[in-house]
1. Skipping prolines and chain starts, which residues have an amide H placed within reach, meaning under 5 Å, of the one on GLY143, given they are 5 or more residues away or on another chain?
2. Summarise the accessible area of the stretch 93-169 (1.4 Å probe, protein heavy atoms) by the percent that is carbon and sulfur.
3. Provide, in order from the shortest bin, the percent of all Cα-Cα pairs of the stretch 103-169 in each 10 Å bin, continuing until the bin that contains the maximum pair distance.
4. Once the whole set of protein chains is in place, how much accessible area is left on GLU88, using a 1.4 Å probe, in Å² to the nearest 10?
5. Around ALA51, which amide H atoms from residues at least 5 apart in sequence, or from another chain, sit under 5 Å from its own amide H, with H modelled in the peptide plane?
6. Can you list residues whose amide H is under 5 Å from GLN83's amide H, if they're 5+ apart or on another chain and H is modeled 1.01 Å from N?
7. Whole-Hz Karplus ³J(HN,Hα) for the stretch 68-75, in order, using 6.51 cos²θ - 1.76 cosθ + 1.60 and θ = phi - 60°, x for Gly and Pro?
8. To the nearest 20 debye, what charge dipole does the stretch 33-169 have about its Cα centre, counting +1 at the Cβ of each Lys and Arg and -1 at the Cβ of each Asp and Glu?
Amino acid sequence: MKWILVLVSSLTIGGAIADMTPVRADWRETAEIVLSEPQPSLMRVVVRTKARRVYVYEGNVITVSFAIAVGKKGWETPPGQYQVFSKEVNPVFKNFKTGNVIRPGADNPLGVRWIGFWTDGKTQLGFHGTNQPELIGQAVSHGCIRMKNKDVVALFEKVSIGTPVIVEP
């Protein structure tokens, strides 16, 4: 049940103002007010692979966009509707082919942030920084969205777990 407390100090009736002095209630009687349910965020992230850009929307307004690199031929970034399910600062990279691990630092191909939005239970795809910013704008990844480190940090600060991610061709 939702309750709304309204204190009225004056009321207009037929153009005249009627003085209605409310009875002072003890603050404990009015303190337990249940507010409406939290509204879901209108933020969403839209990836346009052909344009090589990611757009952050608040409602119908684009608030920011960034240049990206996308999946190369045979490893295309899959179109669809997803959600952010993980976020990592200074991620560790584990090569899916060799199993080699690269710790955070200048040689890490994931850069300084990871934002996961797709998984098959074994492999994950997401937004991440890069140690090769000169490749932004190209189709070079194994399906992930590569971004300049400063850009992925900005995106990381905007999104939350559950933020919708839409990948379009």
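1. Counting only residues 5 or more places away or on other chains, the set is GLY71, LYS72.
2. Summing carbon and sulfur atoms, their accessible area is 51 percent of the total for the stretch 93-169.
3. Result returned by the calculation: 20, 54, 25, 1.
4. My reading of the accessible area for GLU88 is about 80 Å².
5. none
6. So GLN83 has HN proximity to VAL165.
7. 9, 10, 10, x, 7, 4, x, 10
8. The dipole magnitude comes to about 420 debye.
The values are calculated or read from the model by the stated rules, or taken from the named source; none is laboratory data. These numbers were taken from a predicted model, which means no experiment stands behind them. Cβ sites come from the backbone with ideal geometry, for glycine too, and all protein chains shown count toward neighbours. We work out accessible area using only protein heavy atoms, side chains counted, and drop any ligands, DNA or RNA first. Shrake-Rupley method; radii C 1.70, N 1.55, O 1.52, S 1.80 Å.
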